[in-house]
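Presented below is the structure to which this report refers.
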Amino acid sequence: MKSPSLFVAVTLCLVAGVSAQQPPAATNPELAALITQAQAVRGGEWGPILASLDRINRAALDLDDQVDYDLLRSHARTRQWEQTELRQWEVNAAGVINVGAVSGLFLRDGALPEVNVRSAIAQLRGLADAIKADRDRLTTPARTWTENAQYQAYYAKTMLEKEVQLLEIANPALRTEFLAAAKAAVPVIAEHEAWLEKVLLPRSTRPPTWTPAQIEFYQFVHEQLDDYGVDAMIRVAEAEDKKLWSEMEALAKRIHPSGDLRTAWEVMKNEAPPWDEVIPMAQKYVDLASDWLRGAGQHVVTIPDYLRYGARLSPPMARRTLSFGGATSGPTIDGKQSGFYILTPLEDRLTPEEKLSRLKSYNPYWTHVISYHEWLGHTVQIASARANVTRPMRRMYNSSYFSQSWSFYLEKLFEDEGYFDTLPHMENLKTQMARRQMRMWRVQRILTKLKMAKGEMTFDQAVQAYIDRIGMEPGNSFIEVQRDSQSPSPPGREIIGELMILKLRDEIQSAKGPAFSLKAFHDELISFGDLPFTQIRRLMLRQ
């Protein structure tokens, strides 16, 4: 486990009054009862809730109840559609091995709370039955999705055979019990691994794509973004692709004597440090951005004083999903929520050449941009939502857009507000390049996933697009396409979401005039949780 010295306690104050703007629950009794009922739904019992909603006079509700009404309708329609039509559990082979309670133990330092250890033991003891129940529902996944499940089995087995030994469990009897449960689960994973190879892989024949209509269902119903269907997202992404390519070519002329873009990319990637220096480097960038936000950048956003954060290793079961980094929330300890920028180590099964290739993704410039995307973006947004969102419906709703949109929006905002100007000249230029590569990465998410959905691009062509248009290493490019292909979730979370934030910012700035505060706007924006932009706009403008 990593030392607690990796964590930084930030002592900036939360803007007062944000949570006071959000009433605690729906005031209409019929709506409140339906929300309570929805919280308890397991399976497909959404029809009665939708029918009951139809009997409520939406126009007679106050603004906050109207928002909750709209959220419940979108939530219920989405869950019903997932149960009756999408049926993703029939092809989600990677989700069968659920050892999240064990993996989550790696996000704590020091002696583990006994309640968490006992929860992990219970999960391990029920693993065989859980795997059997879930895999009995699998039909014909895509081959690459089953291969991903095989990789997840590798991570689970490695965690249970080796890594659990590193966990600190103060009670000797409980430690013995936990390690025995972990040891007993290893053959369960091994048997499932063999089943994946012998039974599921041969019948994994469906294409690794979803239809445009399935992607648009989430976009229109769950995210309430009616103006951005598949074709509209492609048009936005293609325009961004051209603009970014021109900007990167201009930067390459300032970075490398050859002026060649791909040469500049390789020079930057080859500056990646040895693995042992990656997490300290990431922590350095977290600290650097923190210091700027306490000083010259204090006009940007508030960092809550109830948050502890830092850079550390990703927990074992997140490592395939996050091939070179991401964000995760951690436990609340002594009243402080935890949130981490997590970085994935170079697993033993990689060849030396593959390890070197993977390491290039941890070059200083990519790591710098990703560091504040993850900790300030995801960690602070999650902490603000937990502190401020009190209404049950808004806690239950989970837009896949907002958190990603906010974190991505910060990438350019930091550059616009002068953070990059604090860096030495060449580091500034290379970080500008990295920021554009990160943006091109999100552009390619849109183009590859949606063109695959339309039958205009193959899986292999999508992998090559990341290599050609971003300079991403082949192994990471493959994992990126593999992960994104497994779900019909819309890929416009960053690019389209940023457009929504900028549109809302302009609207509020125009309404407030000289009284507009960028920091106050951001602090309020992230206080509503993961809601669709349509509803966040209504709550911020109170209309």
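The values are calculated or read from the model by the stated rules, or taken from the named source; none is laboratory data. Treat the numbers as computed from the prediction; the structure is a model and nothing was measured. For neighbour counting, all protein chains shown are included, and Cβ atoms are generated from backbone atoms with ideal geometry for every residue, glycine included.
One line per residue, one yes/no per condition, for (1) more than 20 Å from L86 (Cα to Cα); (2) free of Cβ contacts under 8 Å to residues at least 24 places away in the same chain:
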position: K454; (1), (2): no, no
position: Q464; (1), (2): yes, yes
position: I467; (1), (2): yes, yes
position: P474; (1), (2): yes, no
position: V481; (1), (2): yes, no
position: I495; (1), (2): yes, no
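Please determine, by comparing only the residues of segment 240-268 that are under 29 Å from the mean Cα position of the chain (by Cα) and without any contact (Cβ under 8 Å) to a residue 12 or more places away in the chain, which one is farthest from L447 (Cα to Cα).
S246
Do we have any residue at all in segment 102-112 that's surrounded by fewer than 18 Cβ atoms within 10 Å (Cβ to Cβ) and assigned to a helix (DSSP H, G or I)?
No, there is no match, as no residue in segment 102-112 is surrounded by fewer than 18 Cβ atoms within 10 Å (Cβ to Cβ) and assigned to a helix (DSSP H, G or I).
Those residues that are under 21 Å from M268 (Cβ atoms), in contact (Cβ under 8 Å) with a residue 40 or more places away in the chain and not in a helix (DSSP H, G or I), I need them from segment 400-448; list them, please.
Listed by number, the list holds a single entry, Y419.
Scan G492, G513, G475 and give me the residue that is in the same structural domain as K243 (by TED's automatic domain parsing) and not in a helix (DSSP H, G or I).
On inspection, the qualifying residue turns out to be G492.
Is it true that A181 is buried (at least 20 other Cβ atoms within 10 Å of the Cβ), closer than 26 Å to P207 by Cβ and not assigned by TED's automatic domain parsing to the domain that holds D334?
no
Residues checked against (1) over 28 Å from Q39 (Cβ atoms); (2) modelled with pLDDT of 95 or more; (3) small (G, A, S):
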position	(1), (2), (3)
V380	no, no, no
S405	no, yes, yes
E415	yes, yes, no
L423	yes, yes, no
M426	yes, yes, no
Q432	yes, yes, no
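Evaluate segment 310-326: report whether one residue or more is under 30 Å from Q39 (Cβ atoms), surrounded by fewer than 24 Cβ atoms within 10 Å (Cβ to Cβ) and more than 15 Å from the chain's Cα centre (by Cα).
no
Which condition breaks for I169 when tested against (1) in contact with a Lys or Arg (Cβ under 8 Å, 6 or more places away or on another chain); (2) of a type in the set (A, V, I, L, M, F, W, C); (3) surrounded by fewer than 17 Cβ atoms within 10 Å (Cβ to Cβ); (4) touching a residue at least 40 places away in the same chain (Cβ under 8 Å)?
(3)
Tell me, please, whether a residue that is without any contact (Cβ under 8 Å) to a residue 60 or more places away in the chain and part of a helix (DSSP H, G or I) can be found in segment 289-301.
Checking segment 289-301: at least one residue is without any contact (Cβ under 8 Å) to a residue 60 or more places away in the chain and part of a helix (DSSP H, G or I).
Of everything in segment 384-405 that's of a type in the set (F, W, Y) and within 14 Å of G492 (Cβ to Cβ), which residue is surrounded by the most Cβ atoms within 10 Å (Cβ to Cβ)?
It comes out as F402.
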